[in-house]
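**Student:** Below is a structure I'd like to ask you about.
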């Protein structure tokens, strides 16, 4: 035993002597030299610089001496990270003892007790945060403290600390976040930088302004307690804006750029963003918020995706990124309840399960017994509409039929479909969401919503959106959400203005000169407006509301997000051809005349509509509601009425509008199918291209009724 003890003592002495000799060795000078910083850039799809140059490793690094760094910065870091920095020799034994007790009590690492010198050692050596890494930090901290002055350690640390968004060191962060130099930062700026140091990605003011503000407040409190700031100065600093960048630094499409840099900070990057489109939509977002300010709308967001490639073409997270009122909050990726905008995926699931657009659904009062009590779904208009066709129920966004569908098909099945459509943020179980999931009772992001609708335009196949400009290499990450035919049926319904007329009227922001499938959503208590428009080639998704969740005053998806959607779609169409949506006919669906009221095969006296049916799904029974002498229901004859245009209307071709889009909608109510002519020449579409002069527009119904409107085009 004595021999073993003697050997252990000798080994310990040898280890201590060896460690002391290692500590006594000078620190290699190459470890302390300032790194080189060749430049790289972040560009839009046309090569325009979105963000100023960076170093080869993705950083924006500048080395300055400690004398050129504002003393308040030093005080802030000392207050937050290492208040006994000038008292210890690289390792704070008191802090480590306290951290050991705290970690032992909690059963996990809650405090690392890292000094500024230990953090510098981690930056220099790459030592991890595990226990072996912590021991390496301690060893190097002792060696650094033995050979460098406290001032040299601070200079190395403040020039190397990671402060988020690729900014390495206080000088780089001061230029990035505040548009100033390290020698000119104020108290609020110093506190923010120090507060960010322990977790620059989580407390970054660009991507997490609320957490960044809280960390700044914590740093100011620490500085006040330690006598580095007066109470009055700290109070004033709390009220200052988080960021105020230097305009000489390119920082365009800031929400988009911040998101890209949160996932990629290396290399010369060409993104998919179209800066010209981006800036136009930014202007529309600001104009929308200004117009709706009196109705309680303070914020809005837009994202535009290319359907074919999934590339982000525009990304506006808020009206003003630099606004102090949480302008850095990005509503493209923040989570909110989407209201009725999830319904198309429920109806697509129903079509895959054998339902058709002509299926009659019940829109009557009903109570569902749930685990949390009785559930009484109600429609937006607070009315019930009896039996309604699925086409009208979806296009008019009736809530009661949607809840009935969810109950019949199963919430779990619907949730699986939403997961296939990319709604990864719906993390809870179907029991958690319940039947309300059909009405959007689950938080999703605008980007998820846009990309899910993109899957409808792509024949029911989902692929992830992307911000880079990849080559045309084959993508293998597709998954099927709905069948191609069901996706086409959903788009056909959402692009049908007649089907949405019962709920939204004939005049809406969704009248486009090319096919657009449109859906709106309004969350409970009117806190969020959503609107999505999908063409063959691109998808636009819009959100309007308030970051605080404050309800808006009488603003719906049509009056709030709708006008912004219309302008954003038209702006995108000026740059990217919208194309034609896939039709049900192109995927094997058949047109069948059915009774507008009963949903059965139309008889000679039925007010009928033409509906699409997959082979074998059309109704087989002839309608018996409108047979002469029948007592089942009164005979109905729909009088022909022009909806657009009206007799005497005058139109003007807007200056600067592409001739392809200067068109007039042709709509009427009556017995379908209807035929149209202008000045005696047949028109085989539901729109007519405007031509200057006086014109006669004539519609003829299936029953032979004729109505003519005389219009003038200037």
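The values are calculated or read from the model by the stated rules, or taken from the named source; none is laboratory data. Here the structure is a predicted model, which is why all the values come from computation and not from measurement. Here the Cβ positions follow ideal geometry from the backbone for every residue, glycine too, while neighbour counts run over all protein chains shown.
**Student:** Name every residue in segment 411-435 that is touching a strand residue (DSSP E or B) at 6+ places or on another chain (Cβ under 7 Å) and either closer than 23 Å to residue 378 by Cβ or crowded, with 20+ Cβ neighbours inside 10 Å (or both), in order of residue number.
**Tutor:** First, pick out the residues of segment 411-435 that are touching a strand residue (DSSP E or B) at 6+ places or on another chain (Cβ under 7 Å): 420-423, 425-426, 434-435.
Scanning segment 411-435 gives 421, 422, 423, 426, 434, 435.
**Student:** Still on this structure, I have one more. Is it the case that some residue within segment 474-482 is in contact (Cβ under 8 Å) with a residue 60 or more places away in the chain, surrounded by 23 or more Cβ atoms within 10 Å (Cβ to Cβ) and not assigned by TED's automatic domain parsing to the domain that holds residue 608?
**Tutor:** Taking segment 474-482 and keeping what is in contact (Cβ under 8 Å) with a residue 60 or more places away in the chain, we get 480-482.
In the following step, the residues that additionally are surrounded by 23 or more Cβ atoms within 10 Å (Cβ to Cβ) were identified as 481-482.
Adding the requirement that they be not assigned by TED's automatic domain parsing to the domain that holds residue 608 leaves 481-482.
Yes: segment 474-482 contains one or more residues that are in contact (Cβ under 8 Å) with a residue 60 or more places away in the chain, surrounded by 23 or more Cβ atoms within 10 Å (Cβ to Cβ) and not assigned by TED's automatic domain parsing to the domain that holds residue 608.
**Student:** Restricted to segment 492-521, and to residues that are within 18 Å of residue 438 (Cα to Cα) and either outside the structural domain of residue 465 (by TED's automatic domain parsing) or in contact with a strand residue (DSSP E or B) (Cβ under 6 Å, 6 or more places away or on another chain) (or both), which residue is surrounded by the fewest Cβ atoms within 10 Å (Cβ to Cβ)?
**Tutor:** 521
**Student:** Restricting attention to helices (runs of 4 or more DSSP H) lying wholly within segment 170-251, give those where 2 or more residues are assigned by TED's automatic domain parsing to the domain that holds residue 114 and surrounded by fewer than 21 Cβ atoms within 10 Å (Cβ to Cβ). Don't jump to the end; show me each part of the working.
**Tutor:** Working: elements: 170-173, 187-196, 209-225, 231-238.
By residue number, 209-225, 231-238.
**Student:** Would you mind stating whether residue 371 is surrounded by fewer than 19 Cβ atoms within 10 Å (Cβ to Cβ), in contact (Cβ under 8 Å) with a residue 24 or more places away in the chain and farther than 28 Å from residue 461 by Cβ?
**Tutor:** Numbers: surrounded by fewer than 19 Cβ atoms within 10 Å (Cβ to Cβ): yes; in contact (Cβ under 8 Å) with a residue 24 or more places away in the chain: yes; farther than 28 Å from residue 461 by Cβ: yes.
For residue 371, the condition - surrounded by fewer than 19 Cβ atoms within 10 Å (Cβ to Cβ), in contact (Cβ under 8 Å) with a residue 24 or more places away in the chain and farther than 28 Å from residue 461 by Cβ - is met.
**Student:** What residue, of 591, 509, is farther than 24 Å from residue 301 by Cα and free of Cβ contacts under 8 Å to residues at least 60 places away in the same chain?
**Tutor:** Working: 509 fails: farther than 24 Å from residue 301 by Cα.
Exactly one of 591, 509 is farther than 24 Å from residue 301 by Cα and free of Cβ contacts under 8 Å to residues at least 60 places away in the same chain, namely 591.
**Student:** Now for a different question. Test each condition in (1) at pLDDT below 85; (2) not in a loop (DSSP other than H, G, I, E, B) for residue 159 and report the one that comes out false.
**Tutor:** In the conditions (1) at pLDDT below 85; (2) not in a loop (DSSP other than H, G, I, E, B), residue 159 misses (1) alone.
**Student:** In addition: Is it the case that segment 490-506 has a residue that's within 21 Å of the chain's Cα centre (by Cα), modelled with pLDDT of 90 or more, under 20 Å from residue 573 (Cα atoms) and outside any loop (DSSP other than H, G, I, E, B)? Please lay out each step first, then the result.
**Tutor:** First, pick out the residues of segment 490-506 that are within 21 Å of the chain's Cα centre (by Cα): none.
Checked segment 490-506: no residue is within 21 Å of the chain's Cα centre (by Cα), modelled with pLDDT of 90 or more, under 20 Å from residue 573 (Cα atoms) and outside any loop (DSSP other than H, G, I, E, B).
**Student:** So is residue 305 modelled with pLDDT of 95 or more, touching a helix residue (DSSP H, G or I) at 6+ places or on another chain (Cβ under 6 Å) and assigned to a helix (DSSP H, G or I) or not?
**Tutor:** Answer is no for this residue.
To keep it simple, each residue is scored yes or no on (1) in a strand (DSSP E or B); (2) under 30 Å from residue 203 (Cα atoms); (3) modelled with pLDDT of 95 or more.
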residue	(1), (2), (3)
329	no, yes, no
342	no, no, yes
349	no, no, yes
354	no, no, no
384	no, no, no
388	yes, no, no
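**Student:** Hey, another quick one. Criterion first (under 22 Å from residue 551 (Cβ atoms) and part of a loop (DSSP other than H, G, I, E, B)) does residue 366 satisfy it? Step through it out loud before you land on a result.
**Tutor:** On the way: under 22 Å from residue 551 (Cβ atoms): no; part of a loop (DSSP other than H, G, I, E, B): yes.
Spelling it out, it is not the case that residue 366 is under 22 Å from residue 551 (Cβ atoms) and part of a loop (DSSP other than H, G, I, E, B).
**Student:** Oh, and also: Hey, can you tell me all the residues within segment 199-225 that are closer than 23 Å to residue 68 by Cα and touching a residue at least 60 places away in the same chain (Cβ under 8 Å)?
**Tutor:** Selection gives 219, 223.
**Student:** If you don't mind, another one. Hey, residue 414 hits all of (1) in a loop (DSSP other than H, G, I, E, B); (2) under 28 Å from residue 332 (Cβ atoms) but one; which does it fall short on?
**Tutor:** The single condition residue 414 does not satisfy is (1).
**Student:** Considering segment 677-714 alone, what residues qualify as being without any contact (Cβ under 8 Å) to a residue 24 or more places away in the chain, closer than 30 Å to residue 596 by Cβ and either assigned to a strand (DSSP E or B) or outside the structural domain of residue 646 (by TED's automatic domain parsing) (or both)?
**Tutor:** Once the filter is applied, which keeps residues that are without any contact (Cβ under 8 Å) to a residue 24 or more places away in the chain, closer than 30 Å to residue 596 by Cβ and either assigned to a strand (DSSP E or B) or outside the structural domain of residue 646 (by TED's automatic domain parsing) (or both), segment 677-714 yields 677, 678, 681, 682, 683, 696, 698.
**Student:** Now, a different point. Could you say which residue among 563, 578, 619 is in contact (Cβ under 8 Å) with a residue 40 or more places away in the chain and not in a loop (DSSP other than H, G, I, E, B)? Break it down into steps so the answer makes sense when it comes.
**Tutor:** Working: 578 fails: not in a loop (DSSP other than H, G, I, E, B); 619 fails: not in a loop (DSSP other than H, G, I, E, B).
Going through 563, 578, 619 in turn, the sole match is 563.
**Student:** Provide a single number: the residues in segment 285-296 that are in a helix (DSSP H, G or I) and buried (at least 22 other Cβ atoms within 10 Å of the Cβ). Break it down into steps so the answer makes sense when it comes.
**Tutor:** Kept after step one, since they are in a helix (DSSP H, G or I), are these residues of segment 285-296: 285-291, 293-295.
Imposing the further condition that a residue be buried (at least 22 other Cβ atoms within 10 Å of the Cβ) reduces the set to 285, 288.
Within segment 285-296, residues that are in a helix (DSSP H, G or I) and buried (at least 22 other Cβ atoms within 10 Å of the Cβ) number 2.
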